[in-house]
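Every number here is computed from the coordinates shown, using simple stated rules; none is lab data. This one's a predicted model, so the numbers in the text were calculated from it and none came from an experiment. Here the Cβ positions follow ideal geometry from the backbone for every residue, glycine too, while neighbour counts run over all protein chains shown.
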Amino acid sequence: MGKRERNLGCLLGKTSRLIKWELNDKLKEHQLTSAQWRVLMDLRFQEEIESSDTTPAQIAERLNVERPAVTRTIDGLIKDDWVVREENLADRRSHIIKLTEKSKEFMPRFKAISEKVMGKTLQGFQEEEIEQLRFFLIRIIDNFN
């Protein structure tokens with residue numbers, strides 16, 4: 001392993017890209033990208049916690065993505081009938097984004113894809129190591145919040 005590969009920033013970046021590439025590969029058959037998948041998973045999570053009035057700005061903030069990029073992603077999801085855009089009665093300047101029945105029906109498949117990618121990512125790790133990794137990643141994320 002060269003010096004570059006030992007640099008923690010390079011390792012974190014490379015890990016992120018490899019996981020994203022693997023996820024994109026698995027999502028290809030559904031004509032989805034990892035960016036679209038992240039939006040769908042965010043909306044699903046919001047519905048699970050009974051907070052279904054989600055705006056593009058809220059999605060962008062939660063995913064740490066620029067608003068225009070989220071808007072483009074949502075436009076693609078609308079075009080392919082994964083989500084719908086509804087009027088926001090509380091704020092006419094924004095819209096509410098909701099999952100369609102099509103996306104809700106696909107959620108078990110998306111969960112299986114996610115589990116497969118994470119299984120490959122964490123292959124050979126013990127449960128204790130996975131918990132340590134989770135703890136350290138949360139600490140890193142918290143440093144930016």
Calculate the dipole size of segment 1-105 relative to its Cα centre from +1 charges on Lys and Arg beta carbons and -1 charges on Asp and Glu beta carbons; express the result in debye to the nearest 20.
-> 780 debye
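Can you give the Rg to Rh ratio for segment 9-144, taking only C-alpha atoms and Rh from Kirkwood? Numbers along the way, then the final one.
Numbers: Rg = 16.2 Å, Rh = 16.4 Å.
Answer for segment 9-144: 0.99.
How would you classify segment 77-145 from its alpha-carbon gyration tensor, with a ≥ b ≥ c the square roots of the eigenvalues: rounded for a/c under 1.5, else prolate if a/b is greater than b/c, otherwise oblate? Don't skip to the answer; put the middle values down first.
On the way: a/c = 4.51, a/b = 1.66, b/c = 2.71.
In terms of gyration-tensor shape, oblate.
Taking only pairs that are 8 or more places apart or on different chains, how many Lys pairs in segment 9-144 have Cα atoms under 14 angstrom apart?
On the way: Lys20/Lys28; Lys20/Lys116; Lys20/Lys120; Lys26/Lys111; Lys26/Lys116; Lys26/Lys120; Lys79/Lys98; Lys79/Lys102.
Close lysine pairs under the 14 Å cut-off: 8.
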Rounded to whole Hz and in sequence order, give me ³J(HN,Hα) for segment 92-102 from the Karplus expression 6.51 cos²θ - 1.76 cosθ + 1.60, θ = phi - 60°, writing x for Gly and Pro.
-> 5, 7, 10, 10, 9, 10, 10, 5, 8, 4, 4
³J(HN,Hα), Karplus 6.51/-1.76/1.60, whole Hz, each residue of segment 60-68, x for Gly, Pro = 4, 5, 5, 8, 6, 10, 5, 4, x
In terms of modelled amide H atoms, which long-range or inter-chain residues lie less than 5 Å from the amide H of Thr54?
-> Ile97
